[in-house]
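First up is the structure itself, then whatever we jot down about it.
The values are calculated or read from the model by the stated rules, or taken from the named source; none is laboratory data. It should be emphasised that the depicted structure is a prediction, and the values quoted were computed from it without experimental measurement. Don't worry about glycine lacking a Cβ; one is built from the backbone with ideal geometry, like all the others, and counts go over all protein chains shown. Heavy atoms of the whole protein, side chains included, go into the accessibility calculation; ligands, DNA and RNA do not. Shrake-Rupley method; radii C 1.70, N 1.55, O 1.52, S 1.80 Å.
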Amino acid sequence: MPRIYPNAYFEDGIVSIDDAKLSIACSAVLYGLSVYTVFPVIPTAKGPAAFRLNDHFDRLINSAKIIGIDTFETEWTLERFKQAVHDVVEANSPIKESVFVRATVHVNGLVPGTKSKGLATVLSIFLYEAKSIMPVDGARLKVSSWRRVSDTAIPSRAKVNGAYVNSVLGKQDAINSGYDDCIFLNSGGHVAELSAANIFLVRDGILITPDVSSDILEGISRMTVIEIARNLGIPVIERSVDLTELYIADEAFACGTSSGIAFIKEIDGRKIGSMSGIGPITKQLKDRFEKIFSATDHTDGDFAAYMTLV
Ligand SMILES: Cc1ncc(COP(=O)(O)O)c(C=O)c1O
């Protein structure tokens, strides 16, 4: 289990994490009616810096909007959110290692029935140790017999807490069968994503990933990998992906905040690619991606493009 930092942001200030409590009668607890995001904060020479803070805030706002939680957008601006992140980071300082910051908007209305509009919300933010959930020596995955929740049921595009029951079903089944994680197919039978990461494959030098209409979360690491690949001159295609394409891929990898870029060595008992370790394109992308998080020089291009001092 990762180490959780002792101070949290809750409602409108800093409290001990043990005092950040929701009522058992609120919609967040009753229906899983909360939306969230997780992003890294890294220590740098000039202080702690958050990865793609604006994009994470936008996704949080959009997740709330999709679900019809209307009070968050009216009460929160990027500036206020940034201040809250600053406050919780400062309350746990000094931050000597990379941490993950989990920010959640909980619907706090008490027994309102199955509604989302006009209800009180509370923002919680806490920090925990940044540890990859994927093995470094290659992930073994299993296609889940559970399908990814459809955009017409609970949209994967919105990062809704309640929808993560779907991820738990898939991941626990995979673990029970001796695998590291699952691959979900969507309701149309095409590849969607892992339980908490997006997926890429490489065929004939082309990077391919399920498009945003494949019932996936629009991952911020995914967006970053696509940008890095295009900058490196690697062709990228976002489109519907068949499972059998994954089986015969030259390389495949998962990407997300909590997995980083993790190469996939086996799917459903089939070895991926011809190499025993990480493939060359995956390695090139992983090295560039990780460079963003090791930057300590504020003149560094990646740092300026992706990091916000908090
Ligand atoms: C279902 C799912 N897909 C993809 C991702 C990757 O998203 P990001 O890169 O924004 O962390 C996550 C991250 O938590 C996720 O839960």
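Once the gyration tensor of the Cα atoms in the chain is diagonalised, the equivalent ellipsoid follows with semi-axes of 32, 24, 17 Å, ordered largest first. Largest accessible area first, the residues 193, 75, 266, 227 order themselves as 75, 227, 266, 193 under a 1.4 Å probe with ligands, DNA and RNA left out. As a calculated quantity, the FRET efficiency between residue 247 and residue 12 at R0 = 41 Å, using C-beta atoms, amounts to about 0.20.
Loop-resident trypsin sites (Lys or Arg not before Pro) (DSSP state other than H, G, I, E or B) in region 164-255 with no more than 14 further Cβ atoms inside 10 Å of their Cβ: 239.
Residues 244, 152, sorted by accessible area with the largest first, give 152, 244 [1.4 Å probe; ligands and nucleic acids excluded]. Against the main long axis of the alpha-carbon atoms of the chain, helix 220-231 sits at an angle near 50°.
A probe of 1.4 angstrom, applied to the heavy atoms of all protein chains, finds residue 137 with accessible area near 90 square angstrom.
Which FRET efficiency value, to the nearest 0.05, do you get for residue 46 and residue 218 by plugging their Cβ-Cβ distance into 1/(1 + (r/R0)^6) with R0 = 25 Å? The pair residue 46/residue 218 has a calculated efficiency of 0.25.
Is the shape of region 40-136 rounded, prolate or oblate, going by the alpha carbon gyration tensor and its root eigenvalues a ≥ b ≥ c, with a/c under 1.5 for rounded and a/b larger than b/c for prolate? Prolate shape, in that a/c is at least 1.5 and a/b is the bigger ratio. Under 18 Å from a label point set 7 Å out along the Cα-to-Cβ vector of residue 173, the amide N atoms of region 123-157 belong to 140-151, 153-154, 156. Taking 0.36 nm per residue of separation and subtracting the Cα-Cα distance, full extension of the segment from residue 203 to residue 275 would add 24.5 nm.
Between the beta carbons of residue 287 and residue 131, assuming R0 = 35 Å, the FRET efficiency works out to 0.95 to the nearest 0.05. Carbon-plus-sulfur accessible fraction, the chain (probe radius 1.4 Å, protein heavy atoms only): 53%. Between 11, 251, 290, the Gaussian network model of the chain with springs among Cα atoms under 10 angstrom shows the greatest mean-square fluctuation at 290. In region 153-231, taking the dipole from charged Cβ atoms about the Cα centre, the farthest positive-side position among 190, 228, 207 is held by 228. The helix-based estimate of mean residue ellipticity at 222 nm for the chain, built from -39,500 (n - 2.57) per DSSP H run of four or more residues and divided by its residue count, is -8500 deg cm²/dmol to the nearest 500. The charge dipole of the chain, taken about its Cα centre with unit charges on the Cβ atoms of Lys, Arg (+1), Asp and Glu (-1) only, comes to about 360 debye. Amide H contacts of residue 33: 28, each under 5 Å away and 5 or more positions distant or on a separate chain (H built 1.01 Å from N in the peptide plane; Pro and chain starts excluded).
Once you sort the root eigenvalues of the Cα gyration tensor of region 118-193 as a ≥ b ≥ c, which label holds: rounded (a/c under 1.5), prolate (a/b larger than b/c) or oblate (the other case)? Cα axes put region 118-193 in the oblate bin. To the nearest 10 degrees, how steep is helix 53-67 against the longest Cα principal axis of the chain, on a 0 to 90 scale? Taking the Cα atoms of the chain, the angle to 53-67 is about 80 degrees.
Karplus-based coupling profile of region 247-256, in residue order and whole Hz: 4, 9, 5, 6, 8, 8, 8, 9, 8, x, with θ = phi - 60° in 6.51 cos²θ - 1.76 cosθ + 1.60 and x standing for Gly or Pro. Using a probe of 1.4 angstrom and keeping all protein chains present, the accessible surface of the chain works out to 44 square angstrom per residue.
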